[in-house]
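The values are calculated or read from the model by the stated rules, or taken from the named source; none is laboratory data. Because the structure is predicted, anything quoted here is derived from the model rather than measured. We place every Cβ from the backbone using ideal geometry, glycine too, and count neighbours over all the protein chains shown. SASA here: full protein model, heavy atoms, side chains in, ligands and nucleic acids out. Shrake-Rupley method; radii C 1.70, N 1.55, O 1.52, S 1.80 Å.
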Amino acid sequence: MWQARHIQSRLQALYPQLEVSILGMTTTGDQILNSPLAKIGGKGLFVKELEQALEEGRADIAVHSMKDVPMTLPPGFMLAATGEREDPRDAFVSNQHPNLEALPEGSVVGTSSLRRECQLRARFPHLKIEALRGNVQTRLRKLDEGQFAAIILAAAGLKRLELGHRITALIEPEQSLPAVGQGALGIECREGRDDLVTLLAPLHHAESAACVMAERAMSRALQGSCQVPLGGFAQIVDGELRLRGFVASIDGQRMIRDEMRGKPADAERLGAEMGQRLIALGADKILAELAM
């Protein structure tokens, strides 16, 4: 709802004569909170109902966290704009400990992400990782009730909800490579709606879009989903796009990493090539085992 209201206010500021209303919806991903996403159908559960509203003409646009958008959109849909990225990093949240390194052996850490889980297991095999679902406030409540010594959340979500004060420490990409698209908002519409693409053009952030495009192309080449522990993160520094990616086993024992650099204009090609390079390095073996 924050994301929808944010885009609503941006559009109304740009076009004062335009009426922008919000069609509130609860998705399957919001409703099923007692199972990990990987077991109930993946990230598409957060967008399916919204796409149905677009298809039926009940809504013109849908606003998504890009990390929740499947790597391939259904026929007839398109991303009309990608907003400027918020902080893409993971956040360490704890009421007792200053950072991951300070957690005692056997401490329970909550996360809903296989990507975070495998990176935690690789670096801190002495910690106990348990599934954590629910909205941000629910996850924080479970921490405050003492169910976890610490939890890992996306920094962007906490900051957008004005809960940045709950961040105990930010985890740099070198320690926890972000999810594909993390921190970026995408606006989806039906194909052929050139009027909406034109309308939304001022909200489109070309640099963020290039980074997310590279990450998504890498994930697509790896057939990435939330059932696959992978991370992908692109940055543009001094006009050059730097893309980092990894695929790992869930226990963190095996991790295939690589990095590429190139022109932002070649973002999609770079991402696809990165995916193929990871496969050549052995990611295909990990992916095959996960599919069994």
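When the chain is treated as a GNM with alpha-carbon contacts under 10 Å, the residue of Pro264, Pro70, Pro173 showing the greatest mean-square fluctuation is Pro173. For the chain, averaging the sequence separation of C-alpha pairs within contact (under 8 Å, six or more residues apart) and dividing by the residue count gives a relative contact order of 22 percent. Here the range 159-192 is scanned for amide nitrogen atoms under 19 Å from the site 7 Å beyond the Cα of Glu101 along Cα-to-Cβ, giving 168-177. Taking the chain as a Gaussian network of alpha-carbon nodes connected by springs under 10 Å, the highest mean-square fluctuation of the residues Arg254, Arg58, Arg220 belongs to Arg58. Length available on full extension from Phe77 to Glu191: 0.36 nm per residue minus the Cα-Cα distance, which gives 40.5 nm.
In this structure Ile250 has an accessible area near 60 Å², from a 1.4 Å probe over the protein heavy atoms.
Stretching Asp266 away from Asp238 to a fully extended chain increases their span by 8.5 nm, per 0.36 nm per residue minus the current alpha-carbon distance. Across the range 152-274, Cα-Cα pairs farther apart than 17 Å form 63% of the total.
3J(HN,Hα) along the range 147-152: 6, 9, 6, 7, 9, 10 Hz, from the Karplus curve 6.51 cos²θ - 1.76 cosθ + 1.60 with θ = phi - 60°, whole Hz, x for Gly and Pro.
Label separation (Glu55 vs Arg254): 3.7 nm, computed from points 7 Å beyond Cα along the C-beta direction. With R₀ set to 45 Å, the beta-carbon distance separating Asp284 from Glu84 gives a calculated FRET efficiency near 0.80. GNM remark for the chain: springs join alpha carbons under 10 Å apart, and the peak mean-square fluctuation among Arg141, Arg261, Arg89 falls on Arg141.
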